[in-house]
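Have a look at the structure below, then the notes.
Read the figures in this text as sums done on the coordinates, not as results from a lab. All of these numbers come straight from a predicted model, not from anything done at the bench. Cβ: placed from backbone, ideal geometry, glycine included. Neighbour counts: every protein chain shown.
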């Protein structure tokens, strides 16, 4: 397994691979403010309803960042993959959302 | 002033504050129908693509990788007002149930579209997370759908 293609799955096993070692829990998080530049559009959408695209993009980007931090941590442990990945969003305080990702770093080999 | 004039003025005074709400109801309902049509059309396109929430992908799968889809959806002011009444009288929140349903189906669709674009044959162990992003009375939810995309062993 090369270092750069670290595999992520949310299953406990990795299809096509055998897990040789569990390296422990890895996690990444990020907290983003929801109301920067997008609050006017969001306010309007709260009146007429519908998707708030600005927030969808913001949170998707934030989740990518949280995932990247988790992956960085897994690489430091020398992992080949992170299995059983879970995502969660929480409103930690008014106007801010925390996104975090966590999973189990493992070493694998092809079956 | 004659009787009819008074009636008209009373009518306007009583009803005018509610006119915008009726407008939001119209726009919201139109948007909801349009979204639902889009969801149904895309679901029809993806029919036959295997998707499950089984924790272990069935035998014969390989190359697992994570796929995710998300959406932030808000309810219109009319629905928010109806929900406000519901909180007083209790019962089923019929007005906002469709909003959550659309959000979940949309998130799953986006996840499946990502999986298909990446060349996957199936998605297993799908998980759905719902988060409330609103800091006021209004409804603003985020739904994330994620799962493990796999290819079938040749």
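If I histogram all Cα-Cα distances within segment B:3-152 using bins 5 Å wide from 0, what percent of pairs lands in each bin?
Whole-percent P(r) values from 0 Å outward: 2, 9, 14, 15, 14, 11, 9, 8, 6, 4, 3, 2, 1, 1, 0, 0, 0.
Averaging sequence separations of C-alpha pairs under 8 Å and six or more residues apart, then dividing by the length of segment A:1-109, give the relative contact order as a whole percent. Walk me through the numbers before you get to the answer.
On the way: 200 pairs, mean separation 50.5, N = 109.
Relative contact order comes out at 46 percent.
Once R0 is set to 25 Å, what does the formula 1/(1 + (r/R0)^6) return for the Cβ-Cβ distance between residue A:20 and residue B:127, expressed as a FRET efficiency to the nearest 0.05? The partial results should precede the final answer.
Details: r = 26 Å, r/R0 = 1.03.
E between residue A:20 and residue B:127, to the nearest 0.05, is 0.45.
Measure nothing but the geometry: give the 0 to 90° angle between the long axis through the Cα atoms of B:19-45 and the longest principal axis through the Cα atoms of chain B, rounded to 10°.
The helix B:19-45 is inclined about 20 degrees to chain B.
Out of all Cα-Cα pairs in the protein assembly as shown, roughly what percent, to the nearest whole number, are more than 23 Å apart? Could the numbers behind the result be given before it?
On the way: 20701 of 34980 pairs.
Beyond 23 Å sits 59 percent of the P(r) for the protein assembly as shown.
To make sure I understand, if each residue's beta carbon is the centre and we count other beta carbons within 10 Å, what order do B:12, B:46 fall in, fewest to most?
Numbers: B:12 10, B:46 14.
Least to most surrounded, the residues fall as B:12, B:46.
Roughly how far apart, in whole Å, are the Cα centres of segment B:36-110 and segment A:5-22?
Each part's Cα centre sits 28 Å from the other's.
Taking only the alpha carbons of segment B:92-154, what extent do you get along each of the three principal axes, in Å, biggest first?
That gives 52, 22, 18 Å along the principal axes, largest extent first.
For residue B:15 and residue B:94, FRET efficiency with R0 = 30 Å and r from the beta-carbon atoms, rounded to 0.05?
Computed FRET efficiency for residue B:94 and residue B:15: 0.80.
Under a no-solvent Debye model with one identical scatterer per Cα of chain A, what's log10 I(q)/I(0) at q = 0.11, 0.13, 0.14, 0.23 Å⁻¹?
Reported log10 I(q)/I(0), two decimals: -0.45, -0.57, -0.63, -1.14.
Using Cα atoms only, what is the angle between the long axis of helix B:97-117 and the major principal axis of chain B, expressed in degrees (0 to 90) to the nearest 10?
The helix B:97-117 is inclined about 30 degrees to chain B.
List the relative contact order of chain B as a percent without decimals, with contacts defined as Cα pairs under 8 Å and 6+ residues apart. Numbers along the way, then the final one.
On the way: 217 pairs, mean separation 48.6, N = 154.
Normalised by residue count, the contact order of chain B is 32 percent.
I'd like the orientation of helix A:39-48 relative to chain A: the angle between its Cα long axis and the longest Cα principal axis, in ° from 0 to 90, rounded to 10.
So the helix axis and the longest Cα principal axis differ by about 70 degrees.
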